[in-house]
Amino acid sequence: MTESSVRPRPEPTAADAKQSMVINCAAYHAGCRVADIDLDQAREVDASDGSFVWIGLHEPDQPLLRTVQQRFGLHDLAIEDALSAHQRPKLEIYGDSLFIVLRTASLQAHKIRCGETHIFAGRGYVVTVRHGSTTAYKEVRARCEGAPKMLAMGEGFVVYSIMDFIVDNYFPILQELESEVDALEDSVFSRTSGRPNVERIYELRHELLLLRRAVQPLQEMCNRMMRFDVPLIDQVMNPYFRDVQDHVIRLVESIDNLRDLLAASLEAHLLLSSVEQNNIIKIFSVAAVVLMPPTLIASIYGMNFKSMPELEWPYGYSMALVLMVLVGVLPYLFFKWKKWL
C-alpha cells in the first residue's frame, strides 16, 4: 500500500455532531406521523389544529439546547437544568409549558446505573433530552404511532407514554434484586453455606435506596398531573396518569418491603451468630467443669510423696481411675437433667 493511497479520515463536522445528538425529529397530525423534519423546520408546525413535533435528543451540547430554546421559547432555568443534568425527579411549570425530570435505571454487574430524561412539553412540541441512559425511546415512539387514536390526544399522551415506559422498566430491575434478596435470606437461615455475604446485604440496601429515590417522587408528580392547574394535561388523561401512579405506589411498597427484609435478615444473622457463640462457650464451659475434677485428682496422685494415703494399697490405682470417671460423669448427667446441654 503506497503512501498516496492512504487517505486521512475526515474530521467530524459540526453537522455530524449535531446529527448524533438529534436522535429523532418528526411532525404529527391527528395521531399520524406526517413527516421527518429538520430541527430548523420544527418551529414551522402549526399547533392550532392539534399538530405537534416530537424531538428526541441525546446528551446535547449547549448550542443545540439554545437552538431548541429559541425554537420553542423554553425557560432559561429549564435549559440550565437540562444541560447540567444530575437533577432530582421533579415537575416544573413555566407559563403554558412543562419541564419534567425523570430518573432512568438499569442493572449492570449487579449495580444500579441511573440516567436522566428531561421532557419539555408545550402546545405544538415535545422535546426529550436523554442523559446517561442506555435505553432509547424508539419503542415508545413506535408504540404511540401504533395507536393513532391515543396519539391524537396530543402532547399529554406522549408525556404519559414516556413516563409509563420509564416506570415499567423499573419492574425487571426490582424483580432481579428481589431474587437476590431471597437467595441471601435463604443463606442466612440455611447455615450450610457458611457466613452469608454481609457486605452484599449492605450493598443491596444502598441499591434499593437509589432506586427508591428515583421512583418515589413520581407519585407526587402523577398526583400533580391530575390537577387542574397543570397546563397541557387534559382531564381525559387523568386515568392514564392514575395508572402510572398506581405502578409507582407498588414499586415503592416493594422496595420498602425488600429493604425491611434485608434489615431483618441482617439482624437474624447477627442473632444466629450470637447463639452459635453462646453454644460454643457453653460447650467449653461444660468441658472445663467435667474435666476439672479428674485433672485435680490426677495431679494430686501424681505428686512424688512417699507417705500418701492409698499409695501402698493394691487397689489404689483402680480406685483413682473410678473416682476420676465418676466425678466427670456426674456433672455431665446433672447438666443433662437441667437441660443445659
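Once the chain from Asp96 to Met292 is taken as fully extended at 0.36 nm per residue, the excess over their C-alpha distance is 61.7 nm. In the calculated pair-distance distribution of the stretch 159-286, the portion above 27 angstrom amounts to 40 percent of the Cα-Cα pairs. Assuming charge only on the beta carbon of Lys and Arg (+1) and of Asp and Glu (-1), the dipole of the chain about its Cα centre is about 1200 debye to the nearest 20. Taking a point 7 Å from the Cα of Ala183 along the Cα-to-Cβ direction, the residues of the stretch 99-131 with backbone N closer than 13 Å to it are 109-111. Heavy-atom accessible area, probed at 1.4 angstrom with all protein chains present, ranks Tyr202, Tyr125 as Tyr202, Tyr125, highest first. With a Förster radius of 35 Å applied to the C-beta separation of Leu326 and Ser274, the computed FRET efficiency comes to 0.50. Our coupling estimate for the stretch 154-166, obtained by passing each phi through the Karplus curve with A = 6.51, B = -1.76, C = 1.60 and θ = phi - 60°, is x, 5, x, 5, 5, 4, 4, 4, 5, 4, 5, 5, 5 Hz, Gly and Pro reported as x.
Can you give the net charge of the other residues whose Cβ lies under 9 Å from the Cβ of Leu91, counting K and R as +1 and D and E as -1?
0
The stretch 43-117 and the stretch 133-185 have Cα centres separated by 17 Å.
Remark: the chain carries 58 Å² of accessible area per residue (probe radius 1.4 Å; ligands, DNA and RNA excluded).
Keeping all protein chains in place and using 1.4 angstrom, which order do Arg200, Arg103, Arg213, Arg33 fall into by accessible surface area, from largest down?
Largest accessible area first, the residues go Arg213, Arg33, Arg103, Arg200.
Taking a sphere under 11 Å around the Cβ of Leu209 and counting the other residues whose Cβ falls inside, with K and R at +1 and D and E at -1, yields a net charge of +1. Placing Met226, Met153, Met221 in order of accessible area, with the largest value first and a 1.4 Å probe, yields Met153, Met226, Met221.
Surface calculation, 1.4 Å probe, protein heavy atoms: Glu199 sits at approximately 130 Å² accessible. The heavy atoms of Lys111 present about 70 square angstrom of accessible area, all protein chains included, probe 1.4 Å. Computed with a 1.4 Å probe over protein heavy atoms only, the accessible area of Phe189 comes to about 120 Å².
As a length-normalised measure over Cα pairs under 8 Å and 6 or more apart, the relative contact order of the stretch 183-279 settles at 35 percent. A Förster radius of 22 Å combined with the Cβ-Cβ distance from Ala264 to Leu107 puts the calculated FRET efficiency at roughly 0.40. Given the alternatives [x] 17.9; [y] 36.2; [z] 31.9, mean projected area of the Cα convex hull in nm² as computed for this entry is given by [y].
The values are calculated or read from the model by the stated rules, or taken from the named source; none is laboratory data. Bear in mind the structure is a predicted one, so any value in this text is a computation, not a measurement. Glycine gets a Cβ as well: all are built from the backbone with ideal geometry, and neighbour counts include every protein chain shown. Ligands, DNA and RNA are stripped out before the accessible areas are found, and what is left, the full protein with its side chains, is counted by its heavy atoms. Shrake-Rupley method; radii C 1.70, N 1.55, O 1.52, S 1.80 Å.
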